[in-house]
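What follows is a set of notes on a single structure, which appears directly below.
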Amino acid sequence: MKISWLSTTLLVGSLSMSIQALAQPQTGSVEALLQKMGNTAQTSTYELSFININSQGIVPIRYRHTLLDGEPLAQLMQMDSTRREIVQRGDEISYFEPGLDAFSLRNDHIVDYIPSIIYQDFNELSEYYNFIDGGRTHIGDISSRVVRVLSKNNDRYDYVLFIDEVRYLPLRVDLLDKNSDVIEQFRVITANQNDKDIVTALSALRAVNMPPLLLVPKAKENTYSWSVTALPEGFKEVKRSNHQISETEFSESILFSDGLFDFSIYVNKSGHQANSLERDKLLRYGRNTIYTYDKEGKEITFIGQLPFSTAQNIANSVVFTKK
């Protein structure tokens, strides 16, 4: 069954659309609703045409998904002049882009343009987020439930999800900063569920020769003379890396993740004087915050998907081991 809508006011004010004047909250477990949405997105047959709105502009996307013999088959196509394509077969994700060599990576889902919150274990996420029933509203002419996903410690970005209350597909996902301003939006234009043509189109991908897997070298167990002492609850170290920035100088980094957001801390020799006005720098680009801080002759840089206040606390918590 196909549903479609396209208002002439889709883009005008779409990022600032008020979600406060909603109906009274509905009964039923909000966490169960989120789990059902996630399960539907990962196991059912459907096609979504959506736009992704972020600091770089508006990107139109078509996404198809099904399960065949218990394995996911999916295709994401960028519907602009680039015609970038991403294909999933099982746990292999293959990337195709004109002018570039195709390659494959291992993952359990396509991460580009689709909000990562859709794939989360909401039982685990409930340790760090509150799930608030926002009532019922409409996306186009489709009745949907509204769920706010709010950071318990106010140290992460928040989400507002609009979920089709009949089909349980995500219709809109807003990523909000701490001022409740939308910094990214996923917005469905048309949805098509349980269509045999989708299965037929995706089945053809099983016969396609996919590009070779890109081998990711095993991370070395680097030992650093510094550590981060103020991690937000739920974040864990993922890997350590060394990056050569000149013939004689390297930058050390540690990547952290809570499964929903990532950030890295980079440490290298500072190029500024102790009293330099450029010791502290801040830049936010969409969901990404970049904060640089000088300490004990070292330049500490935070790059990641967290609010400025959290980034500052994390960078300032780096301590050095005296040798």
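The values are calculated or read from the model by the stated rules, or taken from the named source; none is laboratory data. Treat the numbers as computed from the prediction; the structure is a model and nothing was measured. Positions of Cβ are backbone-derived with ideal geometry, glycine not excepted, and every protein chain shown enters the neighbour counts. These accessible areas exclude ligands, DNA and RNA; they are computed on the full protein's heavy atoms, side chains included. Shrake-Rupley method; radii C 1.70, N 1.55, O 1.52, S 1.80 Å.
Tabulated data for the structure shown
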item	result
Segment 130-146, residues that are touching a Lys or Arg at 6+ places or on another chain (Cβ under 7 Å) and without any contact (Cβ under 8 Å) to a residue 24 or more places away in the chain	Asn130, Ser143
Test set (1) open to solvent by 20 Å² or more (accessible area, probe 1.4 Å); (2) of a type outside the set (Gly, Ala, Ser); (3) under 18 Å from Pro115 (Cα atoms) - Leu176 fails condition number	(1)
Qualifying residue in segment 186-208 (condition: under 28 Å from Val59 (Cβ atoms), buried (at least 17 other Cβ atoms within 10 Å of the Cβ) and among the acidic types (Asp, Glu))	no
Ser143 over 19 Å from Pro60 (Cβ atoms), assigned to a strand (DSSP E or B), open to solvent by less than 60 Å² (accessible area, probe 1.4 Å) and modelled with pLDDT of 95 or more	no
Neighbours by Cβ (under 7 Å, 6+ apart or cross-chain): first from segment 96-118, at pLDDT below 95; second surrounded by fewer than 14 Cβ atoms within 10 Å (Cβ to Cβ) and charged (D, E, K, R)	Pro98/Arg83; Arg106/Asp91; Asn107/Asp91; Asp108/Asp91
Criterion violated by Val216 - all others in (1) under 13 Å from Met37 (Cβ atoms); (2) open to solvent by 60 Å² or more (accessible area, probe 1.4 Å) satisfied	(1)
Some residue of segment 294-304 being open to solvent by 20 Å² or more (accessible area, probe 1.4 Å), under 26 Å from Asn52 (Cα atoms), among the small types (Gly, Ala, Ser) and at pLDDT 90 or above	no
Matching strands (runs of 3 or more DSSP E) fully within segment 68-134 where at least 2 residues are of a type in the set (A, V, I, L, M)	71-78, 85-89
Selection from segment 245-266 of residues that are under 23 Å from Ser126 (Cα atoms) and among the aromatic types (Phe, Trp, Tyr)	Phe256, Phe261, Phe263
Residue in segment 221-236 that is of a type outside the set (Ser, Thr, Tyr), in contact with a helix residue (DSSP H, G or I) (Cβ under 9 Å, 6 or more places away or on another chain) and not in a loop (DSSP other than H, G, I, E, B) present	yes
Some residue of segment 148-160 being of a type in the set (Lys, Arg) and surrounded by fewer than 18 Cβ atoms within 10 Å (Cβ to Cβ)	yes
Count - residues of segment 237-256 that are open to solvent by 60 Å² or more (accessible area, probe 1.4 Å) and not in a strand (DSSP E or B)	3
